[in-house]
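The structure appears below as C-alpha cells.
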Amino acid sequence: MLQCIFLLSDSGEVMLEKQMTGHRVDRSICGWFWDYVISQGGDSTKILPVIASPTHYIFQIFREGITFLACTQVEMPPLMGIEFLCRVADVLTGYLGGLNEDLIKDNFIIVYELLDEMMDNGFPLTTVPNILREMIAPPNIVSKVLSVVTGKSSNVSNILPDATASPVPWRKSDLKSSSNEVYVDLIEELDAILSREGVLVKCEVYGEVHVNSHLPGFPDLTLSFANPSILNDVRFHPCVRFRPWEGEQILSFVPPDGEFKLASYRVKKLKNIPIYVKPQLTSSSGHCRVNVLVGIRNDPGKVIENIRVQFQLPSCVESVDVSSNHGTVNVLADKTCFWSIGRIPKDKSPSLSGNLVLELGLDRLPVFPVFRVGFKIVGVALSGLQINKLEIKNMPARLYKGFRAITKAGEYEVRS
Amino acid sequence: MFPQFGAATADSLSRASTLVFRIGTDAHLYDDPDDVNIAPLLDSRFDSEKCEALKRLLALIAQGVDVCNFFPQVVKNVASQSLEVKKLAYLYLLQYAEKRPNEALLSINCFQKDLSDLNPLVRAWALRSMAGIHLHVVAPLVLAAIRKCARDPSSYVRKCAVNALSKILDLLPEENTDLEELVNIFMSDHSLGVVGASAVAFKTVCLKNLSLISKHFRRLCESLPDIEEWGQITLIEILLRYVIARHGLVRESIMFTSNATESFHSTWGSTGLFHTFDNHNSSIENVPHDFKENSLMFKNYIEGWEECLLQHGFTNGNVGEDQYHLNYVAPASIENDDVRILLQCTLPLLWSQNSAVVLAAVGVHWIMAPNEKVQRIVKPILFLLRSFPDSKYVVLCNIQVFAKVLPSLFAPYYEDFFVHSSEIYQIRALKLEILSAIVTDASSQFILDEFQDYIKDQDRRFVADTVAAIGICAQRLPSVVDVCLEGLLGLASQESSTSNASQKDGEACILVQAIMSIKSIIKHSPARHEKVIARLARNLDVIKEPAARALIIWIVGEYCSIGQIMPNIIPNVLKFLAWSFSSEILETKHQILNTAIKVVLSARNEDMLVFEKILNYILQLAKYDIDYDIRDRARMAEKLLSPCNAEDISRKLQNGGTAGEILENIFRGNKHPSRLPDHDFRFYLPGSLSHVVLHAAPGYDPLPKPCSLHDNLPNGIADEDATSGSLDSGSSIDESGSYNDSDPSVTSSVESDGNELASDSHDPNNPSSSSITNIDEDRKENSRCHPSESSFVYDQSSRSAAENLTTSISSDLADLMSRTALESWLDEHSGLPSATKPSESSSIRISVNDLSCTVSPKLHTLLDPTNGNGLKVEYSFLAEASKHSPFLVCIELLLSNCSNELLTAITVEDGEPNKSAASSMQALEKPESLSTTDEGSTIIPIEEITRLEPGQTIKRTLQVQFQHHLLPLKVAVFCNGRRYTAKLWPDIGYFIRPISMNGNSFVEKESELKGMFECTKRCSFEGHIEDLKHEEQKQSSLGTDKILLVSRSLASKVLSHANVFLVSIDMPVSFSDDDASGLRLRFSSEISRISKPCLISIVAEGKCSEPLNISVKVNCEETVFGLNLLNRFVAFLH
C-alpha cells in the first residue's frame, strides 16, 4: 500500500505531492531523502530503489532528472511499488511528450488527475494507458488553442470508458481508424563485455518487439518468427495469449491502438561484435600514454552510426591531454571522457591518443578505466531474429504492413 | 564540434519551445497560484472560474502550502454538475478531510445523491471520495454505500467498492464479519477486474480467514492469467497461503526434501543437481551446511524469524539439527489437484511484463514446485535483471537467497552476474556474493578470470570485496585453491610495493582482505600450504600496513611447527620480529608476543635454546612497554614460563604440569571450528519488502502453518449454499487458533519458570512492576483501579520483608481477596480510602510479591561458553532509564566463567568502533535537537572485570544506544586479550519507559490517538493455564479467583517483557467464575527516545480454563514503532 507519491526535481524541490491514503505522509520525508542522496555522493542515479528511512520505507526511481518517490509503512511487494512508479513515469512521458521539470509543473492538474485515476487507496487502479487516455484527455495543441480562445477547457471525460468492463481492457471497442496500418519494429540492444585480455566474455542481445497499429474494430494478429528457437527468455504484454506461444511459439494477440511493447526477449551466447575498441594504457614514471583504436570487426552489412566511446579516468589522474584523428573528444570536470566518432571513415581508422599526468608520488596507474561503447545500426537485428509473417484476421483487404529493425549498443564494455 | 555548446543551445531552444508550448497550459497557475483572490472565484457562477480557483488551490497543495481554510467553500462545489469541477473538488477534499471533519460531513449528502447518479463514473468517484474521507462518523454510511454498489451493474463501480472495503477497515473494527461477507461476494463476481481487486481486499480484511478461499479456489486459479496484473500479485500470494494452510507443503519440493534427512542424499544425488558435492572432501562439509540453511529458511518462511529464535533458544547459530525435523503432518504430494493447478496457472505468469508478478510467481514455484521443476524459475528471474533495470537490486536480493540455498540452480548462468561498470556498489556486491556462491569446477576458470579484471577496478571497496570473494571460492572449490592463493599472494606483495600512494586506506583495506582470504584458505590444510606461509613471512619486511602485519604474524605463530620449511625459517623470522618489536604498533606487538610463546611451546629440543633467548628478549622489551596490556601479558607469560627452563617446559608439557597446561591452553587451545563466512540467519518470504530491508516490516506475515486449515468443508468446490455456513466455520477456526502449535507457549512458560530463581537475585526495582501493588485494593472501589504514587514508595522498602511471608500466607489472603473482589463487583460503592487500612496493604504486598516473582526479564545469550572459551555472557533488559541520555537502553550483563581456568580482563565494547556508512546515515536520521549523545560511541562500556574465577558470576550494567529497534548491535567482548564478536539483539519492549497515569487520562489520551495511530492484533494466550493448575494443586480445597489469576499472569507476562506501567485492570462484569470475557488491562508508556506516549490495552475473551482470545491494541503516534511493538507483544503473549 503506497501511502504517498512525491515528484522531486533534480535539485530536490518537491514539485508535487499526492496523498494516497488516509495515513498522510509529511513531506519532510523528502528532505530526509535528499539528505540521504547527498550523503551517498549526490548522484541520483546511484541510489538504491528501496530505502528504509526512520519512519517510512521509500521506493524511488529516477527518470530524466525527476525523482519519483513513494512511501509506505507496511509490508508490500517492493517490486510492485517500483513497477508502479515506472508506469507513472511512462504514462506521464506519453501524456506530456517528454519528462522534465517544466512539463510537470505546467501540466500539474493532469498529473494530479492521472495519479488519482492510477491509484486508489494506495493500490493501482487503472494503469492501462489506453483507458487513461479516454478518461483524461492528454494535452494537445487543439485543446490548448481552444482553451486560449474560448477560455474554458475540460480534460476530464464525462463518460466511463467501456474498456474498463471489457475483457480486453487495453483496447477501445469502437475504434474507427482511417489508416489501416501495422508496423512491427525489432529494437535490439547488444550487450558485450571484453575482458582486459581482450577476450569476449559475454555477448548477448536484449530486444523488444514494438508494434504500432492503427486498425479498426477488433483485429486479431498473429506474428511468427522464422527462428523462434534462438530466443532465450521472453516477456509479453498482457495482450499476448499464452497457449499459442507455448504450443507453436507464435504470438497471437489483439493489439492496443497506437504504439506499445509487445514482447521483450533475450538471445544469448552470440559470437560476433560489430566493432572493436582496443585501448592501450602504458604508464611509467608518473605519466600514462593512452591509445584507443576503433574499427569495424564484423561488418553487419549496414552503416554503423553514432559511434561513441566513453570512459571515466581514475581519480589519481592529475591532468589529461587527449586528441583524436577523427571525431571530437571532451573531458568533463568529473574526469569523464567522451569521444564521439559518428561513422567510421573509409580511409582511416579512428584513434584517440593522449597523455595522462598522474598524481605526485604515483609511479604507475594502479587502476584502469572501462570503455563504454555506443553505436546504432539501422536495418539490422544483430540477434539474427527474423520475422516470418504477420497475419491479420477479420480485417479489410487494404492494409499496410511494415517491418523495421534497429540495433543499438546496450551494456557494451571494453575493459583495459 | 562543441557538444557542450551544442547541448546548451539545444537546452535553451527546448526552453524556448516549452515557453511556446506553455501557452494554454496551467503553467501560470503553478507559477503564481495566489496572484488573484481565490475565495470569490470559488463562489463564482461560472464553472470555468471555479475550475481556475480549484486549480490554484491544487497548485498550492503541490507546493506544500496549507490551504485548508478554503475547505467550506470547496465542499459546496462537490455538488457541481461539471465533472471537472467535481473531480478537482474531490482531489482537494481528500487532502484535507481528516483535518476538517465537521465541514467534510457537509459533503456527505452530495455523495449520497451522486451514488444514485446515472453515470457510472460519477457513482464510482462519489464512492471513492466518500470512503477516502476516512472519518469514523462516515464509516457506517460508506459500508451501506458499498453494499449498494456491490450490486452495481458497472464493474468499474464494483471495483471501486472493493477498494473502499480496505479503506474503512480500520474505522470499523467491530464490523469485521460484515466486511468478510462482502469480500466473499466480490470474490464470486463474474468480472475479473473485481475479482482482482477483491484479492487485495481479502488480504487487508481477513488474511487469516483462508477458509473463505476454498470454494473459490479453482475459479481463482483458472482466471489468474486473465486478471489484471496488479491483482495477480496479491492473488498469487493468497492462493499460495491457502494451499499451504490446506494441504501443507509439497513432499517433492526443496523445502521438504531438506527436512527429510534420510532421503536427502538419495534425492539430491539422483536429481543430479548436486553433482558438485560428491567430488571433494571439503564440500562434504557443505552438505550439512546447506542443508541446515534451507531448512532454516523454510522454518523462517513458516514461522517468522523472531518466533523461530524464540523456540530454539538461538545460541550463536549452533542449533541442534534434530530441531529441524519438523513433524508437520503428512505433506501434500505434487499429485494433489490444488497444488498442481496452482503451479500450472502461475506458470504463464513467469512471462509477465510486470516484474512484481514474475517475482510473485517465482516465489510460488520456489516454495511449492517439485525439486526437479524449480529450474523453471531461473530464466524468468534472470531476465528481469536485464529487462527491468529499476528492479535489479530487489531481484538480486532474492536471487542471492535462492543461490545460497540451491547453488546448482544458477551455476550455469554465471555470466548474468558479471559486473558492469555502470552499476552501483550495492548491486556489484550482491553479484559478487552470488558469483562466489554458485561457482563450480566448470565455471571457476571464467569466474576467476572475471575477478582478476575486477581487481583493477576504480572502486577500491569493490576490489576488497572481490578479494574476499576469491577466498570464498577457494574454500568452496579445492581445485582452484592453488590458483587463488597464487593470485592473492601476488596481490599482497604487489600492493605492498605501490601502497605509498595517496589512496592508502583503500589499498590497505584490499591488502588486509587479501591476507584474510589467504588465512581462511590455508586454515583447511595448513601443511599443504606451508610454502605460502613462508612467502607471507618473507613479505613481512615490505608490508607496512599494521593490520596486515599482525595477521601474517598470527599465521606464522599458528602454523610454526607445521611441515618441513617452517621450522627452518622460524628462527630467522623470530629474530626479525624481535628486532622490529619496539617499532611496531600495539596489535602487532601482541601478535609478536603470542607468536614467540607459541614457537617456544612447540619447538623441538635442539632449537629451544635459541627461541628461549629470543623470547626472553621480547619479554624484556614488552615488560617495559608503554602499553599496560602488553606489560601485563608479558609478566603473565613470564610467570608461567619462569619456573622451568627449556627442557622443563617440554617435560612439563608431557607430564601435564599446571603452568605448562595453562600456557598450552591459552596459546594453543583448540579453536572452535570455524564455518564459512557469517551468513544472515534471517530469511523472509521471497519478493517481500522485509527481505530487502532485512527486518520484519510492520504487517509482514510469514506463511501459515502447513495443514492448519482443517477439512471441515465438504470439498474445494462447494456449492453456493454453503456460503454462510463456511463463513461461520471459517471465523470459528480463526478464533480457536488456526495454528495448531502449543510449543511456543510451553517453552516460554518453562523459561519463565526457570528464570524465577534468577530474578530473585536480580533487583527488579521496577516502577512498573511495583505499581501492580494496589490493583487488587483499588478493585474494591470499582472495577477499574488507579495506582497511586505512595504505595510505590512503600512497596520498595517493604519488599524484602514481605518476600519471606509470601509463601506461607499467600493462599489465605488470595482467598480473602477473591471474596472482597467479588463483593466489589456486586456493590460498586463500598469504597473506603484504601491506604488507611493496614489489612488491605498486606494483601497488596502479597500481590506484589506474587508478581515480582513472576516478573522476570528474559535472559538472552550474548556469548556462548563454547564460543567464548568458557566465558558465558547473558543479558537481560533493565527497566530503569539511563541517566545519560534517552537514547540509551540499560542492559544487565551476567558474566560467568564456565571453564576451569581464570578469566581476566573482560570488557565489552562496541563491535564497530570505526563508524561505517550505515551509522553515519543513522546520524542523519536523528533530529538535530535530540542528538545529545556523542556520536562516536553507541555503548557506554562497563568497567573492566579484572578477574573472574571459575564458576563465578558477575553482574554489570551496560548502557547501549541501539541504532534501530529491530536491528542488532555488534559488540565485542574482550577476554584474556581475545576478541569475541557477538550480536546484541534489541528488545523493543524496552525502548519505552513507563509513565504513570490514571484510568481517565488514559482513556483521554487513547481517544486522541485514534485512527491511523491505532493498531490491533489478536492472538491466543495460554500462559495462565499453567498457573491455574499450579494454584489448584496448592490449594485444592479452597476456591480461587480464576479471573484474578488470569489477570495476574497476563500482567506479569507483559511486565516481564516490556517496560510499561500498569494503569488499570477492568474486571469483567459477569457472575460466572470462569468467564474472563471483558477483562481489560491497560498499560501506559512513552517512547523513551522521543517522549511520545504509547498506550497498550489488552482485552481478553473466553473461559479462564481454556486458552483465551486476547486482542492487543497499541495507540502510538509513531506508527511504525507502534506496529513493531504490537508484533512484539503478540509474539510473547502468544
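Hey, which of the strands (runs of 3 or more DSSP E) in segment A:198-299, taking only ones fully inside, have at least 2 residues that are in contact with a strand residue (DSSP E or B) (Cβ under 7 Å, 6 or more places away or on another chain) and in contact (Cβ under 8 Å) with a residue 40 or more places away in the chain? It would help to see each step written out before you state the result.
Details: elements: A:200-214, A:220-225, A:233-236, A:250-253, A:258-267, A:275-284, A:287-296.
Result: A:200-214, A:220-225, A:258-267, A:275-284, A:287-296.
Restricting to segment B:227-279, name every residue that is at pLDDT below 50 and either hydroxyl-bearing (S, T, Y) or under 26 Å from B:D337 (Cβ atoms) (or both).
Within segment B:227-279, the subset at pLDDT below 50 is B:259-279.
Of everything in segment B:227-279, those that are at pLDDT below 50 and either hydroxyl-bearing (S, T, Y) or under 26 Å from B:D337 (Cβ atoms) (or both) turn out to be B:N259, B:A260, B:T261, B:S263, B:S266, B:T267, B:S270, B:T271, B:T276.
Within segment A:69-95, take every residue that is touching a His at 6+ places or on another chain (Cβ under 7 Å) and part of a strand (DSSP E or B) and give me the one that is farthest from the other protein chains (Cβ to nearest Cβ).
Only one residue fits best here, namely A:C71.
Can you tell me how many residues in segment B:685-706 are within 21 Å of B:G248 (Cβ to Cβ) and at pLDDT below 85?
6
Do we find a residue being closer than 20 Å to A:K408 by Cα and modelled with pLDDT of 90 or more anywhere in segment A:328-338?
Step one: list which residues in segment A:328-338 are closer than 20 Å to A:K408 by Cα, which gives A:338.
Subset that is modelled with pLDDT of 90 or more: A:338.
Checked segment A:328-338: at least one residue is closer than 20 Å to A:K408 by Cα and modelled with pLDDT of 90 or more.
Check every one of the helices (runs of 4 or more DSSP H) wholly within segment B:375-465 and list those with 2 or more residues that are more than 30 Å from the chain's Cα centre (by Cα).
On the way: elements: B:378-387, B:392-405, B:407-410, B:425-438, B:441-455.
Counting at least 2 such residues, we get B:378-387, B:441-455.
Taking segment A:110-135 on its own, how many of its residues are within 16 Å of B:K55 (Cβ to Cβ) and without any contact (Cβ under 8 Å) to a residue 40 or more places away in the chain? Spell out the reasoning first.
Here is the first cut: in segment A:110-135, the ones within 16 Å of B:K55 (Cβ to Cβ) are A:110-116.
Subset that is without any contact (Cβ under 8 Å) to a residue 40 or more places away in the chain: A:114.
Matching residues across segment A:110-135 total 1.
Across segment B:1079-1110, what is the number of residues that are over 30 Å from B:P886 (Cα atoms) and not basic (K, R)?
Matching residues across segment B:1079-1110 total 12.
Given the criterion touching a Ser or Thr at 6+ places or on another chain (Cβ under 6 Å), within 14 Å of chain B (Cβ to nearest Cβ) and surrounded by fewer than 17 Cβ atoms within 10 Å (Cβ to Cβ), identify the matching residue among A:E197, A:E188, A:E208. Walk me through it before giving the result.
Working: A:E197 fails: touching a Ser or Thr at 6+ places or on another chain (Cβ under 6 Å); A:E188 fails: surrounded by fewer than 17 Cβ atoms within 10 Å (Cβ to Cβ).
None of the others qualify; the one that does is A:E208.
Going through segment A:7-27 one residue at a time, which ones are facing chain B (nearest Cβ under 10 Å), under 20 Å from A:M76 (Cβ atoms) and touching a residue at least 12 places away in the same chain (Cβ under 8 Å)?
A:E17, A:K18, A:Q19, A:M20, A:T21, A:H23, A:R24
Among the residues of segment A:1-26, count how many are among the charged types (D, E, K, R) and in contact with a Phe, Trp or Tyr (Cβ under 7 Å, 6 or more places away or on another chain). Explain how you work it out, then say what you get.
Pass one, segment A:1-26, residues among the charged types (D, E, K, R): A:10, A:13, A:17-18, A:24, A:26.
If we keep only those that are in contact with a Phe, Trp or Tyr (Cβ under 7 Å, 6 or more places away or on another chain) as well, we get A:17-18.
Of the residues in segment A:1-26, 2 are among the charged types (D, E, K, R) and in contact with a Phe, Trp or Tyr (Cβ under 7 Å, 6 or more places away or on another chain).
Please count how many residues of segment A:48-72 are more than 23 Å from A:Q19 (Cβ to Cβ) and either polar (S, T, N, Q) or free of Cβ contacts under 8 Å to residues at least 40 places away in the same chain (or both).
So the count comes out to 2.
Just to be sure before I move on: is B:S129 closer than 24 Å to B:K99 by Cα and more than 9 Å from chain A (Cβ to nearest Cβ) in the structure I sent?
Judged against the criteria, B:S129 is a match.
Pick from A:K278, A:K268: which is within 11 Å of chain B (Cβ to nearest Cβ), under 27 Å from A:V414 (Cα atoms) and among the charged types (D, E, K, R)? Quick ask: steps written out before the conclusion?
Numbers: A:K278 fails: within 11 Å of chain B (Cβ to nearest Cβ).
Answer to the selection: A:K268.
Taking segment A:96-105, which residues are of a type outside the set (A, V, I, L, M, F, W, C) and either part of a loop (DSSP other than H, G, I, E, B) or touching a helix residue (DSSP H, G or I) at 6+ places or on another chain (Cβ under 8 Å) (or both)?
Keep residues of segment A:96-105 that are of a type outside the set (A, V, I, L, M, F, W, C), which gives A:97-98, A:100-102, A:105.
Once the filter is applied, which keeps residues that are of a type outside the set (A, V, I, L, M, F, W, C) and either part of a loop (DSSP other than H, G, I, E, B) or touching a helix residue (DSSP H, G or I) at 6+ places or on another chain (Cβ under 8 Å) (or both), segment A:96-105 yields A:G97, A:G98, A:N100, A:D102, A:K105.
On the basis of being touching a Leu at 6+ places or on another chain (Cβ under 7 Å), at negative phi and of a type outside the set (A, V, I, L, M), does B:Y414 make the cut?
yes
Do you know which of the residues in segment A:225-264 that are small (G, A, S) and surrounded by fewer than 17 Cβ atoms within 10 Å (Cβ to Cβ) is nearest to the other protein chains (Cβ to nearest Cβ)?
Here is the first cut: in segment A:225-264, the residues small (G, A, S) are A:226, A:229, A:247, A:252, A:258, A:263-264.
Filter once more, so that each one left must be surrounded by fewer than 17 Cβ atoms within 10 Å (Cβ to Cβ): A:226, A:229, A:247, A:258.
Values: A:A226: 21, A:S229: 14, A:G247: 12, A:G258: 17 Å.
Within segment A:225-264, the match that is nearest to the other protein chains (Cβ to nearest Cβ) is A:G247.
If a residue has to be assigned to a helix (DSSP H, G or I) and either of a type in the set (G, A, S) or surrounded by fewer than 17 Cβ atoms within 10 Å (Cβ to Cβ) (or both) to count, how many in segment A:33-68 make the cut? Quick ask: steps written out before the conclusion?
Of segment A:33-68, the ones assigned to a helix (DSSP H, G or I) are A:33-39, A:44-46.
Next, from what is left, pick out any that are either of a type in the set (G, A, S) or surrounded by fewer than 17 Cβ atoms within 10 Å (Cβ to Cβ) (or both): A:35, A:38-39, A:44-46.
Of the residues in segment A:33-68, 6 are assigned to a helix (DSSP H, G or I) and either of a type in the set (G, A, S) or surrounded by fewer than 17 Cβ atoms within 10 Å (Cβ to Cβ) (or both).
Is one or more of the residues making up segment B:159-174 of a type in the set (D, E), surrounded by fewer than 18 Cβ atoms within 10 Å (Cβ to Cβ) and more than 14 Å from chain A (Cβ to nearest Cβ)?
Looking through segment B:159-174, at least one residue is of a type in the set (D, E), surrounded by fewer than 18 Cβ atoms within 10 Å (Cβ to Cβ) and more than 14 Å from chain A (Cβ to nearest Cβ).
Is there a residue in segment B:68-81 that is assigned to a helix (DSSP H, G or I) and either within 10 Å of chain A (Cβ to nearest Cβ) or within 42 Å of the chain's Cα centre (by Cα) (or both)? Reasoning before the result, please.
Quick first cut of segment B:68-81, residues assigned to a helix (DSSP H, G or I) only: B:68-79.
Okay, now just the ones that are also either within 10 Å of chain A (Cβ to nearest Cβ) or within 42 Å of the chain's Cα centre (by Cα) (or both), so B:68.
Yes; the residues of segment B:68-81 include at least one that is assigned to a helix (DSSP H, G or I) and either within 10 Å of chain A (Cβ to nearest Cβ) or within 42 Å of the chain's Cα centre (by Cα) (or both).
Kindly provide the set of residues from segment B:139-153 that are in a loop (DSSP other than H, G, I, E, B) and either touching a Leu at 6+ places or on another chain (Cβ under 7 Å) or touching a residue at least 60 places away in the same chain (Cβ under 8 Å) (or both), ordered by number.
Filtering segment B:139-153 for residues in a loop (DSSP other than H, G, I, E, B) gives B:150-153.
Within segment B:139-153, just B:A150 meets the criteria.
Looking only at strands (runs of 3 or more DSSP E) that lie completely in segment B:946-1020, which have at least 3 residues being among the basic types (K, R)? Talk me through it step by step, then tell me what you get.
Numbers: elements: B:953-960, B:969-975, B:978-984, B:992-994.
The qualifying strands (runs of 3 or more DSSP E) are B:978-984.
Which condition number in (1) of a type outside the set (A, V, I, L, M); (2) part of a loop (DSSP other than H, G, I, E, B); (3) under 25 Å from the mean Cα position of the chain (by Cα) is the one that A:P314 fails?
(3)
When you scan segment B:196-212, how many residues do you find that are of a type in the set (A, V, I, L, M), within 14 Å of another protein chain (Cβ to nearest Cβ) and within 26 Å of the chain's Cα centre (by Cα)?
Step one: filter segment B:196-212 for residues of a type in the set (A, V, I, L, M), giving B:197, B:199-201, B:205, B:207, B:210, B:212.
Those still in the list that are within 14 Å of another protein chain (Cβ to nearest Cβ) too: B:197, B:199-201, B:205, B:207.
With the extra rule that they be within 26 Å of the chain's Cα centre (by Cα), the set shrinks to B:200, B:205, B:207.
Of the residues in segment B:196-212, 3 are of a type in the set (A, V, I, L, M), within 14 Å of another protein chain (Cβ to nearest Cβ) and within 26 Å of the chain's Cα centre (by Cα).
The values are calculated or read from the model by the stated rules, or taken from the named source; none is laboratory data. Predicted model only: the values in this text are computed from it and were never measured. Cβ atoms come from the backbone with ideal geometry, glycine included; neighbour counts cover every protein chain shown.
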